[in-house]
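Everything below concerns the one structure shown next.
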Amino acid sequence: MIGPFARWRRALYRSGILRSEALPRPVISVGNLTVGGSGKTPHVKFLASWMKNTGMRVAVLSRGYGRETKRVVWVSYGDGPAVPASAGGDEPVLLAASLPGVPVLVGESRAEAGREALRRREIDAFLLDDGFQHLSLRRDADLLLLDAGRGLCNRRTLPLGPLREPPDCARFADALVVTRCADEARCEDLAGSVSFPPDRPRACSRLVPRTLVDRDGGESPLPSPGEEVAAFSGLARNEQFAATLREAGFVVRRFLAFRDHHPYGPGDIEKIASAAEGMPVVTTEKDLVRLTGALPFRVLALRVEVEFLSGWEGLSRLILERIGSFGKK
């Protein structure tokens, strides 16, 4: 069972029996307790842009789930994707495409990826994508995301539930962000139900559809409500994307759901084209970067952005304090 193993593993790291590697720069981690999406990638993008705009030289470290490569790969040197999704993973390639000036590296060992980044670039701080369970790298702040629509479900770990760790492991986070919030009061209630210290920062955020983006990165505004489209996605929770499209005003006439990180082949493309029947085709940015070669239809991705409803001041203060105090202890 994963629950007891996860507790023992954390206990071994906290006692020093298993040792975490440290990088010579501060590390801010973004992660969650559940399997599947909680909005990590949009939040990493938001934080990286904010840190860069404050004058910090930031780099993103990720595992690169689903990639066909091994060891450390430079997904971006700061000027867009240097490798396809098959080599860097779809989420890192998406971050590379949307974060100019921010290097993105993947590796089984994020410590090794961080050292590689420092060999070639001046870095002030690292953002660790999906890092809450990556205990082999020491973090200076752990930000834990919790999906408001999903919560902790049955509060059980794999294989009996969706949790990677028991719910009480939330107490090891430095800040809690309840994501996909439609109602701030509901988010506050959900945050209060988690084993998270009340004196630490809590925030509520939502994902807001902003624009449509094509395969070349060109943006166009959202259409008027009532636009009929065919759509597809390969996510942990495809129904969530379908709901987001409807909330954005689209009328989804056909929807094809694939498994998370699905590698689209010729048969999938034919299936999508057949379902579209000449209608505009919309997908996610994460799926868009996994499409290769010429397509028999034009496809656009819905770009969503993070918007904080509450708690951003405390969360941002924590991050700046942890980065500012690095090396002074």
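Table: residues versus (1) of a type in the set (Lys, Arg); (2) loosely packed, with under 15 Cβ neighbours inside 10 Å; (3) modelled with pLDDT of 90 or more; (4) not assigned by TED's automatic domain parsing to the domain that holds Phe241.
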| site | (1), (2), (3), (4) |
| --- | --- |
| Ala125 | no, no, yes, yes |
| Leu144 | no, no, yes, yes |
| Gly161 | no, no, no, yes |
| Val178 | no, no, yes, yes |
| Ala185 | no, yes, no, yes |
| Glu188 | no, no, no, yes |
| Ala191 | no, no, no, yes |
| Ser195 | no, yes, no, yes |
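Scanning the range 228-287 for residues that are more than 19 Å from the chain's Cα centre (by Cα) and of a type in the set (Asp, Glu) yields Glu228, Glu247, Asp268, Glu270, Glu277. Of all the listed residues (Thr244, Thr283, Thr292), the sole one being in a loop (DSSP other than H, G, I, E, B), hydroxyl-bearing (Ser, Thr, Tyr), out of contact with any Lys or Arg (no Cβ under 6 Å at 6 or more places or on another chain) and under 27 Å from Gly36 (Cβ atoms) is Thr292. Each residue in the range 25-41 was checked for being assigned to a loop (DSSP other than H, G, I, E, B) and under 23 Å from Ser325 (Cα atoms), and 2 pass.
Give the residues of the range 152-187 that are assigned to a helix (DSSP H, G or I) and either free of Cβ contacts under 8 Å to residues at least 40 places away in the same chain or under 17 Å from Glu307 (Cβ atoms) (or both), sorted by residue number.
Here is the first cut: in the range 152-187, the ones assigned to a helix (DSSP H, G or I) are 167-172, 184-187.
Matches in the range 152-187: Asp168, Arg171, Glu184, Ala185, Arg186, Cys187.
Tell me, which helices (runs of 4 or more DSSP H) wholly within the range 42-148 include 3 or more residues that are in contact (Cβ under 8 Å) with a residue 60 or more places away in the chain?
On the way: elements: 85-88, 90-98, 110-120.
By residue number, 90-98, 110-120.
If you go through the range 98-147 and pick out every residue that is within 15 Å of the chain's Cα centre (by Cα) and on the phi > 0 side of the Ramachandran plot, you end up with 1.
Those residues that are crowded, with 18+ Cβ neighbours inside 10 Å and more than 17 Å from Leu47 (Cβ to Cβ), I need them from the range 98-116; list them, please. Break it down stepwise before answering.
Filtering the range 98-116 for residues crowded, with 18+ Cβ neighbours inside 10 Å gives 98-99, 102-107, 110-111, 113-114, 116.
Of everything in the range 98-116, those that are crowded, with 18+ Cβ neighbours inside 10 Å and more than 17 Å from Leu47 (Cβ to Cβ) turn out to be Val106, Gly107, Ala111, Ala113, Glu116.
The values are calculated or read from the model by the stated rules, or taken from the named source; none is laboratory data. Keep in mind that what you see is a predicted model, and the values were worked out from it rather than measured. Positions of Cβ are backbone-derived with ideal geometry, glycine not excepted, and every protein chain shown enters the neighbour counts.
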